[in-house]
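Colleague: Just dropping this structure here.
The values are calculated or read from the model by the stated rules, or taken from the named source; none is laboratory data. Note that the structure is a prediction, hence the values are computed from the model and not measured. FYI the Cβ positions are ideal-geometry reconstructions off the backbone, even for glycines, and counts take in every protein chain you see.
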Amino acid sequence: MPKTVRSAEQIRDELQNRMAKIAADTPGVLRMRIPLPERHPPDASGRNWNIVPLNDPGADCAHHLQKVIEDMRTEFVLPD
């Protein structure tokens, strides 16, 4: 599946939108501080960015948040 090119701000905004959707089932997710994605060389799957939350969300919240981030990394890439 081809990836959609999005700016760092667009990726962060989309992550925040998706976090809002899971907030009812994942307490604490809306308290997460989300930075802009950090670019890295493309990996074997073509993913060229990652986001590391700025505060510790707790184990359960971190698991759900990491799943959302990984799903988004398969959908979106940062421009060159």
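Colleague: Is it true that P79 is touching a residue at least 24 places away in the same chain (Cβ under 8 Å), part of a loop (DSSP other than H, G, I, E, B) and not charged (D, E, K, R)?
Modeller: Spelling it out, P79 is indeed touching a residue at least 24 places away in the same chain (Cβ under 8 Å), part of a loop (DSSP other than H, G, I, E, B) and not charged (D, E, K, R).
Colleague: If you don't mind, there's one more thing I want to ask. If you scan segment 29-53, which residues turn out to be part of a loop (DSSP other than H, G, I, E, B) and under 16 Å from D13 (Cβ atoms)?
Modeller: Taking segment 29-53 as the starting set, the residues that turn out to be part of a loop (DSSP other than H, G, I, E, B) are 32-37, 40-48, 51-53.
Of everything in segment 29-53, those that are part of a loop (DSSP other than H, G, I, E, B) and under 16 Å from D13 (Cβ atoms) turn out to be M32, R33, I34, P35, L36, P37, I51, P53.
Colleague: Within segment 1-18, can you find the residues that are surrounded by fewer than 16 Cβ atoms within 10 Å (Cβ to Cβ), outside any helix (DSSP H, G or I) and either out of contact with any helix residue (DSSP H, G or I) (no Cβ under 9 Å at 6 or more places or on another chain) or at pLDDT 95 or above (or both)?
Modeller: Hits for segment 1-18 are P2, T4, V5, S7.
Colleague: Give me a count of the residues in segment 19-53 that are of a type outside the set (A, V, I, L, M, F, W, C), touching a residue at least 40 places away in the same chain (Cβ under 8 Å) and surrounded by fewer than 16 Cβ atoms within 10 Å (Cβ to Cβ).
Modeller: Qualifying residue count for the region: 1.
Colleague: Among the numbered criteria (1) surrounded by 12 or more Cβ atoms within 10 Å (Cβ to Cβ); (2) β-branched (V, I, T); (3) at pLDDT 85 or above; (4) assigned to a loop (DSSP other than H, G, I, E, B), which single criterion is violated by V68?
Modeller: The failed condition is (4).
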